[in-house]
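A short reminder: the numbers here are calculations on the coordinates, not readings from a lab. The structure displayed is predicted, hence computed values, not measured ones. Positions of Cβ are backbone-derived with ideal geometry, glycine not excepted, and every protein chain shown enters the neighbour counts.
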């Protein structure tokens, strides 16, 4: 009874934190996050339920036995759960979280996905829920051991119509699709998502796909070594239709590297339509190294030219692009896109056409150059 009261008190503290999280920040690595998040993690470690207690007798600590049902049973009943200090194996049913939850991984906690033949899966599923903290997750997918060849949507962490979600210090790799996807459920968007100090490595489709969200902060992210099936980008902003939205997105103090295609891809071609959309995206203090394309501002489709132009701004501030085959790639028909403002662009590339002056010259030759402004000129 006393322990239940402590957990209720912790959940109340979490809900208050969701409202007051704009307080002072601390620096961990490169990503700033509100200081009360550390308090929530500490309280969860003191008062949460140890998942290890619900594993079967003589359980394996090697991550070689499927414990999906045992883990899911705990997640269904408990709101504050501490994963054991050793790896666990789950199957492609994945794990479904509920609202008002806190999940904490210990230093050696890991979730391995059992090799799957499915073209689509979610290892951690956050659909139609709110007020969740994920601390220190390590998730390893089946890219190297997948049992089929079709599909591209095997995702590590799936957020759909999820509100007030905080992901801190995660490590998500080797997924058949995206490391993380932030998207819609029945055209209902995610809201108020925060991702700090997270590594997305060797995923097959994208490090993170952003398809439908209002208010997203990404800080201290590293997205690298993405390869396998297009878009193959570290960060990909790609709404699917005019009923989705991608607004109030901030990516700061983050790095992409060695992605087969793009460091950051902003593909808004499917967003214009009958509904007037506003898109504000800020990329600040960003560095890409050795991706084929540093930043790609994608084209708009010619057949959409009679639709409402997107409102808002894409702002690129203090961006360093290094050793790319193409530093900034630009598409066509951008008069239906938001304005683009670029400042503090630093390009380190032996190819003169890929330096700032060359990029400016190429933009002036394209139809949408009037909508791209280099600030300070």
Worksheet item: In whole percent, what relative contact order does the stretch 2-229 give with Cα contacts below 8 Å and a gap of six or more residues?
Response: 14 percent
Fill in: Contour minus Cα-Cα distance for residue 374 and residue 317 (0.36 nm per residue)
19.5 nm
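Going from the alpha-carbon gyration tensor of the stretch 97-157, what semi-axes, largest first and in whole Å, does one get by taking the root of 5 times each eigenvalue?
24, 15, 6
I'd like the FRET efficiency for residue 215 and residue 127, computed as 1/(1 + (r/R0)^6) with the beta carbon distance as r and R0 of 25 Å, rounded to 0.05. The partial results should precede the final answer.
Working: r = 18 Å, r/R0 = 0.73.
So the FRET efficiency works out to roughly 0.85.
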Worksheet item: Going by alpha carbons, how many degrees (0 to 90, nearest 10) lie between the helix axis of 2-20 and the longest principal axis of the chain?
Response: 10 degrees
Discussion item. Run the simple label-point estimate for residue 241 and residue 107 please: 7 Å along Cα→C-beta, distance reported in nm.
Written reply: 4.9 nm
Worksheet item: Quick one: if the Förster radius is 25 Å, what FRET efficiency do residue 85 and residue 280 give, using the C-beta to C-beta distance and rounding to 0.05?
Response: 0.05
Discussion item. Testing the spin-label approximation: label points 7 Å from Cα along Cα→Cβ at residue 58 and residue 332. State their distance in nm.
Written reply: 6.8 nm
Worksheet item: What is the spread of the Cα atoms of the stretch 260-331 along each of their three principal axes, largest first, in whole Å?
Response: 40, 22, 14
Practice prompt. Pop a pseudo-label 7 angstrom from the Cα along the beta-carbon direction at both residue 72 and residue 39 and give the gap in nm to one decimal.
Written response: 3.7 nm
Worksheet entry | Mean projected area (nm²) of the alpha-carbon convex hull when the chain is viewed from all directions | 19.1 nm²
